[in-house]
1. Name the residues in region 26-54 that are assigned to a loop (DSSP other than H, G, I, E, B) and open to solvent by 20 Å² or more (accessible area, probe 1.4 Å), would you?
2. Can you report the number of residues in region 174-188 which are under 12 Å from residue 145 (Cβ atoms) and either open to solvent by 70 Å² or more (accessible area, probe 1.4 Å) or part of a helix (DSSP H, G or I) (or both)?
3. When you check residue 75 against the structure, is it of a type outside the set (Asp, Glu), modelled with pLDDT of 95 or more and outside any loop (DSSP other than H, G, I, E, B), yes or no?
4. Which members of region 1-15 meet the condition of being open to solvent by less than 10 Å² (accessible area, probe 1.4 Å) and either within 15 Å of residue 290 (Cα to Cα) or among the β-branched types (Val, Ile, Thr) (or both)?
5. Can you confirm whether residue 67 is open to solvent by 50 Å² or more (accessible area, probe 1.4 Å) and in contact with a Phe, Trp or Tyr (Cβ under 9 Å, 6 or more places away or on another chain)?
6. Please go through region 16-25 and give me each residue that is open to solvent by 10 Å² or more (accessible area, probe 1.4 Å) and assigned to a loop (DSSP other than H, G, I, E, B), ordered by number.
7. Inside region 230-244, can you point out the residues that are more than 15 Å from residue 294 (Cβ to Cβ) and of a type outside the set (Asp, Glu)?
8. Enumerate the pairs (first residue in region 212-224 and more than 25 Å from residue 197 (Cβ to Cβ); second residue anywhere and open to solvent by 60 Å² or more (accessible area, probe 1.4 Å) and part of a strand (DSSP E or B)) with beta-carbon separation below 7 Å, excluding pairs fewer than 6 apart on the same chain, so at least 6 apart or on different chains.
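The values are calculated or read from the model by the stated rules, or taken from the named source; none is laboratory data. Note that this is a predicted model, so its numbers are computed, not measured. Ideal geometry is used to build each Cβ from the backbone, glycine not excepted, and the neighbour counts take in all protein chains shown. Ligands, DNA and RNA are stripped out before the accessible areas are found, and what is left, the full protein with its side chains, is counted by its heavy atoms. Shrake-Rupley method; radii C 1.70, N 1.55, O 1.52, S 1.80 Å.
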Amino acid sequence: MKILIVGSGGREHVIAWKCAQSPKVEKIYCAPGNAGIAQIAEIVPLKADQYEELACFAKEHEIDLTIIGMDDPLVGGIVDVFEAHSLRVFGPRKNAAILEGSKAFSKDLMKKYNIPTAAYETFTEKEKAIDYLKSSASFPVVLKASGLALGKGVLICETLEEALEGTEQIMGIKKFGAAGDEMVIEEFMTGREVSVLTFVDGTHIKEMASAQDHKRAGDGDTGLNTGGMGNFSPSPFYTEQVQAFCREKIFQPTVDAMKAEGREFRGVIFFGLMLTQDGPKVLEYNCRFGDPEAQVVLPRMENDLIDVMEACIDGTLDQIDLKFSKDACVCVVLASDGYPAAYEKGKEIRGLEKFDDSDRHFCFHAGTALKDGKIVTSGGRVLGITALGRDLKDARASAYEAVGWVDFDNKYFRHDIAKAIDEV
């Protein structure tokens, strides 16, 4: 098979790495890719938003399966374009990707189908949002830009003053662009956060191993929200009891709700969960693999990824026995100092060759490029240093050991990824 992957981050690198393990795969292409992906796949100089050009490339090169890694093209309708060209593609259509593309839609869906989530109100006018905050809100409160905002459009506000400033950022000066045309004001929930990625074929759903993200930039969950500074899998807080509840009340009901709405979902649904005192509730949905969730979940997956994706497309996911190793996995993100605000690029990365001799340590590239024959930084999140271990503590120790193998001038990382496991 010839495979085309659309995307350029750590998520797409691990997808390419996993696809390369399939005996079915002969050739992998990636658009636009990065310096790490280039070691596995042939880089295609097309951007993820060039839907027609990508579809034409897939036809001309007789691509057997295209995998859409990123949220923007999925929400923008790239799958519909590929299907219009009679091309085989993994990911939800535009009318299903709205599950991530509009937080207002997803909240309304959960309310309609009694899927547990935080209480909320939705606003399209800044003045009405301000009136609500002044008259009816209980603090702390959560403000969410309804559209796509690279995982950064969520503000937790302790006071009315903070909430008014947050509303101005989202709906006034449009800090997150058009994502802030609509805003959700949500009840603040407390508890452990857990991420569960699932494969979906429109009717059936299969869970991948649980994971836990670290969103804030600084140690101790301080600083600005980011796309994710690290991850670990499995989550010790995702017990069999919690899993049984989520299967009955959240996972299958979401798939059934989308089907009932005429928005049959095929691809990956990412369930962001909060384990509250009142039981698990949905924080958010994503319509693709998480990043860096994919970096800790896919290395533990024992199945051929191509087999599972094809089953999702064909509606035969119920015939797949999804299996994950007993190993634990931890990923520590190496970022450019200053991320997610201002940061410098173009710093040479040293020490990458040290991963070549290990089958338990992985370096997934997120923001890298090739310049004058050298691999340099080209983004905020640069590398995902990932390690397998006998248990989470072993995997964490191995991941942080490998963090020391790599260096670049403005290297920054959190020192407390997976620290929560010490509390178990």
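1. At the first step, the residues of region 26-54 found to be assigned to a loop (DSSP other than H, G, I, E, B) are 26, 33-36, 40-41, 44-50.
Answer for region 26-54, where residues must be assigned to a loop (DSSP other than H, G, I, E, B) and open to solvent by 20 Å² or more (accessible area, probe 1.4 Å): 26, 40, 45, 46, 47, 49, 50.
2. Of the residues in that region, 7 qualify.
3. Working: of a type outside the set (Asp, Glu): yes; modelled with pLDDT of 95 or more: yes; outside any loop (DSSP other than H, G, I, E, B): yes.
Yes, satisfied.
4. Initially, region 1-15 is screened for residues open to solvent by less than 10 Å² (accessible area, probe 1.4 Å), giving 3-7, 10, 12, 14-15.
Passing the criteria: 3, 5, 6, 7, 10, 12, 14, 15.
5. Values: open to solvent by 50 Å² or more (accessible area, probe 1.4 Å): no; in contact with a Phe, Trp or Tyr (Cβ under 9 Å, 6 or more places away or on another chain): yes.
So residue 67 does not fit the description; no.
6. Going through region 16-25, the residues open to solvent by 10 Å² or more (accessible area, probe 1.4 Å) turn out to be 17-18, 20-21, 23-25.
21, 23, 24, 25 - these are the residues of region 16-25 that are open to solvent by 10 Å² or more (accessible area, probe 1.4 Å) and assigned to a loop (DSSP other than H, G, I, E, B).
7. Initial filter on region 230-244 (more than 15 Å from residue 294 (Cβ to Cβ)): 235-244.
Hits for region 230-244 are 235, 236, 237, 238, 239, 241, 242, 243, 244.
8. 222/216; 223/216
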